[in-house]
Amino acid sequence: MEAAFPDPWIRQFSIKANDVPAIIAELARLGLGANVVSRGEWARARRAWLPNESITLEGVGKTDADLRAAVSAARRGDPLRWVAVESPEEAEALATFAQGAHVTLDVLFRLNPDVAPETQAVLAVGSGASKFGMTETELTRTVQRLAGAAPGGLRPRGIHLHVGSQLGAIDAWRDGVRRAVAVLGLVRGSMPDFDTLDVGGGFPVAPFGWAPSVPAPGRFAREIPALLETVPADRRPLRLAVEPGRFLVARAGWIVARVLHVRDRGARLAVIDAGMAELVRPALYGAVHPVVALTSRGEPVDDAGPAASLRPGFEPTRVDGPICESTDTLGVHSLPPLRRGDLVAIRDAGAYAASMSSAYNGRPRRAQVLLR
Ligand code: LLP
């Protein structure tokens, strides 16, 4: 990520992907700040010892209490790096709280880029019909209204954008960033402080063992110079930021489970003791997470991905979770003979797994172990 978006790019880890403080701290050591969407996530970043100046607050769900917390931090002389506002209403509420507290907050304005992202519809937040961000007109009007208001409150600093997650191609992202650069250039003419463009996250990860058919971060980054050149030099953003989540952590996490039952249901079926409560992505998005058998020492029996199906003794095995729902399945995987008590691992579970886990069926909070 750093090679693709080197300094002075601001790199903010989107901690909704993985909010374990030890991981946030590890990424902070590598130069990443944290992008948070609530006071809950903010508290996780603070537990990782991040200073507020490297934390940014965004999100469609910010409550008055979240906004007031950002104002209080500024009043204590310890402001967040910025707050990205979602709507004219949110901007007005935040401005009122900030003026009441006699502080000025740096804010970005989230643009709905109105593009058609190359990802699953459920992850395409940059489409025009989505609930996220403001249209170009709403955004410029909101900034103008703030500029005309009494001094103090909010200092408009730029535009925030997030086209979608697990982007399978760069085209929609490029279109979205181009629009943001244009809108930013327009506002910047009358407002020199309007100097920041945060292009969001969305950098994809192909399931382990699959041909790498997704664009790498560098492929996205390579578009930036030409996009900036679409506006005059004095209208370009001075500060650029990215907010990767998945790309930084997806491969780094495995869920370890035990086999509960092995049944013959036409094909072999293994029920294991982890499923949609621990990893909802297959049930929710049809996501593929490779499942491998582990030795008693916790090593993969075969690490060759799909090629393992050629191994003698391996057979296609449907792997289902322990929850009382038939959507609780992890799909078909090539696995060696299994019996109750054997260990298996679900791969690529470092992003949007634990952070999206639930207590459904009365399941306890899972232990998470950080290995170096
Ligand atoms: N910035 C914003 C404003 C976002 O909404 C998100 C993710 C990111 C950055 C980080 O996106 P990433 O680099 O991780 O793609 N639960 C889904 C993914 C939802 C992403 C939500 N927003 C999944 O498991 O695939």
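Where does the charge balance sit around Trp173 when Lys and Arg score +1, Asp and Glu -1, over other residues with C-beta under 14 Å from its C-beta?
-2
Full extension from Asp193 to Ala226: what is 0.36 nm times the residue separation minus their Cα-Cα distance, to one decimal in nm?
Gain on extension, Asp193 to Ala226, equals 9.6 nm.
Leu371 label point, 7 Å along Cα→Cβ, cut-off 18 Å on backbone N: hits in the range 339-360?
342-351, 354
Residue farthest toward the positive end of the dipole of the chain, with Cβ of Lys/Arg at +1 and Asp/Glu at -1: which of Pro79, Ser358, Ile55?
Checked the options; the winner is Ser358.
Give me Val280, Val183 ranked fewest to most by other Cβ atoms within 10 Å of their Cβ, as a rough exposure proxy.
In increasing order of surrounding Cβ atoms, one gets Val280, Val183.
If you average the sequence gap of Cα pairs under 8 Å that are 6 or more apart and divide by the length of the range 259-372, what percent do you get for the contact order?
35 percent
By count of other Cβ within 10 Å, fewest leading, how are Val271, Val143 ordered?
Val271, Val143
For the chain, what is the calculated [θ] at 222 nm in deg cm²/dmol (nearest 500), taking -39500 (n - 2.57) for each run of four or more DSSP H residues and dividing by its residue count?
Counting only the DSSP helices, I get -7000 deg cm²/dmol.
Would you order Ser296, Ser72 from fewest to most other beta-carbon atoms within 10 Å of each residue's own beta-carbon?
Fewest-to-most ranking of Ser296, Ser72: Ser296, Ser72.
Out of every Cα pair in the chain, what percent are spaced more than 34 Å from each other?
The answer is 33 percent, as a whole percent.
Filter the trypsin sites (Lys or Arg not before Pro) in the range 1-102 down to the DSSP loop ones having no more than 15 other Cβ atoms within 10 Å, then list what survives.
When the trypsin sites (Lys or Arg not before Pro) of the range 1-102 are filtered for loop state and at most 15 Cβ neighbours within 10 Å, Arg76 remain.
What distance in nm lies between label points placed 7 Å from Cα along the C-beta direction at Arg219 and Thr140?
With each label placed 7 Å out from Cα toward Cβ, I get 3.4 nm.
Each value in this text was obtained by applying a stated rule to the coordinates, not by laboratory testing. What you are looking at is a predicted structure, and each value in this text was computed from that prediction instead of being measured. Because the Cβ atoms are built from the backbone with ideal geometry, glycine has one as well, and the counts that use them run over all protein chains shown.
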